[in-house]
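**Student:** Below you'll find the structure I mean.
The values are calculated or read from the model by the stated rules, or taken from the named source; none is laboratory data. Everything quoted here is computed from the prediction, not taken from an experiment. Neighbour counts are summed over all protein chains in view; Cβ atoms, including those assigned to glycine, are modelled from backbone coordinates with ideal geometry. Please note that ligands, DNA and RNA were not included when accessible areas were found on the heavy atoms of the full protein model with its side chains. Shrake-Rupley method; radii C 1.70, N 1.55, O 1.52, S 1.80 Å.
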Amino acid sequence: SVNNIHGMAQAHQALGLRWNATGEPQKAMHEYDQAQPIFNLVGDRDSEAIILNGRGDVSVTIGNYEDALRYYSKAQTIFSAIHDLRGKIAPIDGSARAEWALHQSTLARKSNQDKLQLAQQFGLPRYQASAKSGLADFYALQGDYKKAESFYLDAWALFHSLQEAIWEADVLIRLGRLYSQQKQDQQALNYLRQALDIVQHRDAPSQIARAHFEIAAIGQRQHRLEDAKDEMETVLKIIESQRTKVSDFDDRASYFASVHEYYQLYIEILMQLDQQNPGQGFAQRALEAAEKSKVRSLLDMLDFVHGALTLSQIQAEIKGDDVVLLEYALGKEHSYLWIVDETGMTPHEISQSTGQLSRLVDNFRSSLLARIPAEEETVEQYNEKRKQADLRYPHDELELARELLGPAAHLLNRKRVIVVPDGDLQYVPFAALVTRFTRNRSQTNANDRELVSLPSASTLRALRNAAQRRSPPTAGMVVVADPVFEADDDRLARRSPSLPKPSKPPDLKAALRDVNPGSGYIPRLKQSHNEAEAIVKAFGKKNVFSLEGFKANRETALPVLGPYRFVHFATHGLLDTRYPQRSGLVLSLISARGKSQNGYVRLKDIYQLKLSADLVVLSSCESALGRNLESEGMIGLTRAFLYAGSQRIISTLWKVDDKATAELMKRFYQRLRKGESPSLALRGAQEDLGKSAEWKSPYYWAAFVLQGEYRWTNEKGD
């Protein structure tokens with residue numbers, strides 16, 4: 001009321017602390033957004049650093065640990081600059097928690113040691129306690145249980161004396177886990193139940209969920225599966241209740257990724273119950289739990305208010321389409337496959353452990369991608385690497401195909417195969433594996449089959465609902481291809497032979513540093529011109545709006561994309577796995593007059609598009625990838641274009657060969673123009689290249705994946 005802006009900022013800061021402590025992280029971040037500019041304006045650097053620390057705490061709460069470390073680092077820098085050593089303790093404390101969550105245990109140990117030293121210097125028992133708890137975590141990981149127990153007990157005593165109930169319960173939960181690791185189950189349960197007694201009537205959802213989770217894990221090991229199931233259902237109710245308190249969709253994705261292990265344990269318990277009690281519906285509930293664990297934030301983004309689909313609802317979505325759906329779930333120890341068609345569901349446990357399955361995926365991709373030259377690799381080294389990889393590939397391919405597709409091999413002759421991958425399986429080109437199983441079956445025609453990938457089965461209904469709400473396309477095809485990136489481009493030299501080196505926009509520079517540290521040079525994609533020509537030839541010049549060269553720029557391209565049915569990008573894509581918000585597509589960075597311009601289309605730009613597209617093709621390297629949030633899928637270009645309104649996306653799993661890509665796209669669009677669906681046209685084009693002498697290796701064609709709706713209405717209405 002007296003316009004005391006500094007006092008207002010302090011109030012916002014206190015509210016932010018309160019909201020984060022009571023499980024409302026987005027509200028906390030909103031309060032910090034109000035406070036930080038004021039502290040910066042009035043020069044209160046100490047309070048600004050405290051705000052940055054608060055932002056780090058919020059980021060830890062929602063599982064966005066990379067952002068948390070950035071905030072904590074900035075806070076420490078300010079505290080050091082103003083010589084506030086005591087102030088540094090809080091961001092060091094937060095850094096230790098984030099580093100631990102990112103499995104950077106050695107860094108977490110160092111942070112906890114620094115924190116303990118400062119806390120003892122300034123007489124701060126609360127930080128001494130948390131430092132000892134963190135060091136105990138490290139020793140427990142190393143298997144030094146006696147040392148870990150000593151540190152935990154010291155931390156517990158300190159928190160108890162300080163009447164810090166929630167932190168006391170947190171240490172008790174860790175003690176319970178320590179005894180559980182040593183198979184001393186009764187002692188573990190005593191500590192865990194003591195922790196629950198402390199927090200049961202307090203607003204401490206994460207501690208309550210963690211305690212029930214640890215009790216469930218003990219119950220599973222003791223074969224008390226019904227008890228374990230009940231404990232996990234309590235945990236998942238808490239998880240679901242917290243989900244709605246995170247409003248930002250990407251932050252919600254981080255949150256679900258951080259609690260994925262809860263769903264993993266629940267699925268394992270249900271599948272073990274199914275083995276003991278076949279036909280009692282436990283396998284169905286496990287499948288439905290797997291659906292609940294997948295891409296929930298994407299479903300929320302698509303305004304799919306129904307949550308995850310049940311088995312009967314999944315079957316209703318694929319009814320009459322000659323579909324077999326393969327849904328995978330990778331757990332800590334065991335992995336599962338559910339084979340679903342409109343008549344039933346068959347569950348399978350994958351015979352390899354999850355760790356061994358990941359090794360099979362790595363071996364397969366290593367053999368497949370040996371055709372990509374490494375930096376500073378001689379021709380002789382490259383040829384030898386490729387020769388050895390070609391010898392290994394058939395074995396690596398067969399091993400992985402048997403594990404992932406063996407149980408469903410007899411169903412792969414269906415017209416449509418839908419794959420719902422999980423974890424590392426998101427990197428697998430299933431097109432190559434399906435071909436391995438069907439190439440010798442003369443009774444089936446591979447060109448008549450379609451292969452589609454979905455982030456979850458529930459995504460299918462979400463996309464169909466979204467299609468009913470969007471405006472139908474009113475234009476045909478738009479192609480954005482062969483942009484101008486650097487001053488040495490011959491198209492630029494012909495116009496102005498002496499031009500200074502263009503400057504790149506800051507967002508693009510940051511992404512280039514993250515993705516490929518070095519010169520930051522972006523080479524021209526000459527074959528992308530051939531892609532554009534092939535599309536024009538297939539559809540007819542009057543039906544294609546082609547933006548090539550200097551015309552392939554942000555200002556021209558982005559405003560016109562909305563009404564087109566087909567949108568094709570043939571350019572570089574950058575996938576920043578550390579900071580996915582920096583990912584994007586690179587358009588022309590230089591104007592026709594030789595001046596630098598912002599040609600970088602970031603994820604946020606794509607999210608803001610309003611597309612009517614039936615199909616977006618991202619003919620760029622690794623465009624199907626992004627930051628892997630396990631069950632929440634890839635945070636990258638595909639997700640952004642689905643949100644923007646496209647029903648289908650074709651994207652790539654690795655750095656594709658530009659000549660092979662141009663050939664595949666030519667064949668794909670020829671088939672599409674003849675009336676084939678995108679999934680059928682892609683599969684046919686891949687089979688065509690696989691039969692050719694030059695492009696027969698799956699490296700050249702299997703990278704391309706279609707995600708989204710498989711049903712298709714061609715221009716004739718068929």
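**Student:** Along the charge dipole of the chain, Cβ charges K/R +1 and D/E -1, which of Leu172, Leu682, Leu158 sits furthest on the positive end?
**Tutor:** Working it through, the farthest residue towards the positive pole turns out to be Leu682.
**Student:** Which values, in whole Å and largest first, are the semi-axes of the equivalent ellipsoid of the stretch 1-62 obtained as the square root of 5 times each eigenvalue of the Cα gyration tensor? Don't skip to the answer; put the middle values down first.
**Tutor:** Values: eigenvalues 80, 32, 11 Å².
The answer is 20, 13, 7 Å, longest axis first.
**Student:** Order of 370-383, 193-206, 83-96 by packing, highest average Cβ count within 10 Å first?
**Tutor:** On the way: 370-383: 11.8, 193-206: 16.6, 83-96: 21.2.
In descending order of packing, they fall as 83-96, 193-206, 370-383.
**Student:** Can you pull the one-decimal nm distance between simple spin-label points at Thr378 and Lys110, each 7 Å off the Cα toward Cβ?
**Tutor:** Distance between the two pseudo-spin positions: 3.7 nm.
**Student:** Let me ask another. Just to verify a number: FRET efficiency for Ser312 and Gln194, C-beta to C-beta distance, R0 = 45 Å, to 0.05? Display every interim value, and only then the final one.
**Tutor:** Numbers: r = 43 Å, r/R0 = 0.95.
The computed FRET efficiency comes out at 0.55.
**Student:** Compute the acute angle (0 to 90°) between the alpha-carbon long axis of helix 25-42 and the principal axis of greatest extent of the alpha-carbon atoms of the chain; round to the nearest 10°.
**Tutor:** 80
**Student:** While we're on this one: Could you give the angle, 0 to 90 degrees to the nearest 10, between helix 658-673's Cα long axis and the longest principal axis of the Cα atoms of the chain?
**Tutor:** The helix 658-673 is inclined about 70 degrees to the chain.
**Student:** Sorted by average packing, counted as other Cβ atoms within 10 angstrom per residue and highest first, what order do 101-107, 19-25 take? Present the calculation step by step, with values, prior to reporting the outcome.
**Tutor:** Numbers: 101-107: 13.7, 19-25: 19.7.
Top to bottom by mean Cβ count within 10 Å: 19-25, 101-107.
**Student:** Enter the per residue convex hull volume of the stretch 107-187, computed from alpha-carbon coordinates, in Å³ rounded to the nearest integer.
**Tutor:** Values: hull volume 6.3 nm³, N = 81.
Dividing the Cα hull volume of the stretch 107-187 by its residues yields 77 Å³.
**Student:** Please state, as a whole number in µm²/s, the translational diffusion coefficient that the Stokes-Einstein equation yields for the chain at 4 °C and 1.567 mPa s, with Rh defined as the Kirkwood radius across alpha carbon pairs. List each step's numbers first, then the result.
**Tutor:** Working: Rh = 27.7 Å.
Roughly 47 µm²/s, to the nearest whole number.
**Student:** Separate question: Given a Förster distance of 35 angstrom, what is the FRET efficiency for Glu233 paired with Glu342, based on the Cβ-Cβ distance and rounded to 0.05? It would help to have the intermediate numbers written out before the result.
**Tutor:** Working: r = 29 Å, r/R0 = 0.83.
After rounding, the FRET efficiency stands at 0.75.
**Student:** Still on this structure, I have one more. For the stretch 126-131, what does the Karplus curve 6.51 cos²θ - 1.76 cosθ + 1.60, with θ = phi - 60°, yield as ³J(HN,Hα) per residue in whole Hz, taken in order and with x for Gly and Pro?
**Tutor:** 5, 6, 4, 5, 5, 5
**Student:** Given Cα pairs under 8 Å that are at least 6 residues apart, what percent is the relative contact order of the chain?
**Tutor:** Numbers: 1267 pairs, mean separation 63.8, N = 718.
About 9 percent, as a whole number.
**Student:** On the first, second and third principal axes, largest extent first, how far apart are the outermost C-alpha atoms of the stretch 1-124 in Å?
**Tutor:** Result for the stretch 1-124: principal-axis Cα extents of 49, 31, 22 Å.
**Student:** With a cut-off of 8 Å between alpha carbons and a minimum separation of six or more residues, what is the relative contact order of the stretch 1-71 in percent? Present the calculation step by step, with values, prior to reporting the outcome.
**Tutor:** Numbers: 71 pairs, mean separation 19.8, N = 71.
Relative CO of the stretch 1-71 lands at 28 percent.
**Student:** Related question: Pairs to check: Lys294/Lys604; Lys542/Lys674; Lys132/Lys332; Lys88/Lys110; Lys655/Lys691. Give those whose C-alpha atoms are more than 19 Å from each other in this structure.
**Tutor:** Working: Lys294/Lys604 22 Å; Lys542/Lys674 17 Å; Lys132/Lys332 28 Å; Lys88/Lys110 14 Å; Lys655/Lys691 21 Å.
Pairs exceeding 19 Å: Lys294/Lys604; Lys132/Lys332; Lys655/Lys691.
**Student:** Here is a further query. For the stretch 141-149, in order, what is each residue's ³J(HN,Hα) by Karplus, 6.51 cos²θ - 1.76 cosθ + 1.60 with θ = phi - 60°, in whole Hz (x at glycine and Pro)?
**Tutor:** Once rounded to whole Hz, the list reads 5, 6, x, 8, 5, 5, 5, 4, 4.
**Student:** Figure the gain on full extension for Ala165 and Gln468 (residue separation times 0.36 nm, minus the Cα-Cα span) and round it to one decimal in nm. Please list the in-between numbers first.
**Tutor:** Values: separation 303, 0.36 × 303 = 109.08 nm, distance 5.09 nm.
Gain on extension, Ala165 to Gln468, equals 104.0 nm.
**Student:** Considering only protein heavy atoms and a 1.4 Å probe, what is the carbon-and-sulfur percentage of the accessible area of the chain?
**Tutor:** Numbers: 14630 of 30440 Å².
With neighbouring chains kept in place, the figure for the chain is 48 percent.
**Student:** Follow-up. Let me check the size of the stretch 304-381 from its C-alpha atoms; what are the radius of gyration and Dmax in Å?
**Tutor:** 19.2, 57
**Student:** If one takes the longest principal axis of the Cα atoms in the chain, at what angle in degrees, from 0 to 90 and to the nearest 10, does the Cα axis of helix 89-101 lie?
**Tutor:** 50
**Student:** Let me ask you something else. Please report Rg (one decimal) and Dmax (integer) in Å for the Cα set of the stretch 364-410.
**Tutor:** Reported Rg and Dmax, both Å: 13.7, 46.
**Student:** With a 10 Å radius around each residue's Cβ, average the other Cβ atoms per peptide and rank 175-181, 401-407, 186-192, highest first.
**Tutor:** On the way: 175-181: 21.7, 401-407: 19.7, 186-192: 18.1.
Listed from highest to lowest mean packing, they are 175-181, 401-407, 186-192.
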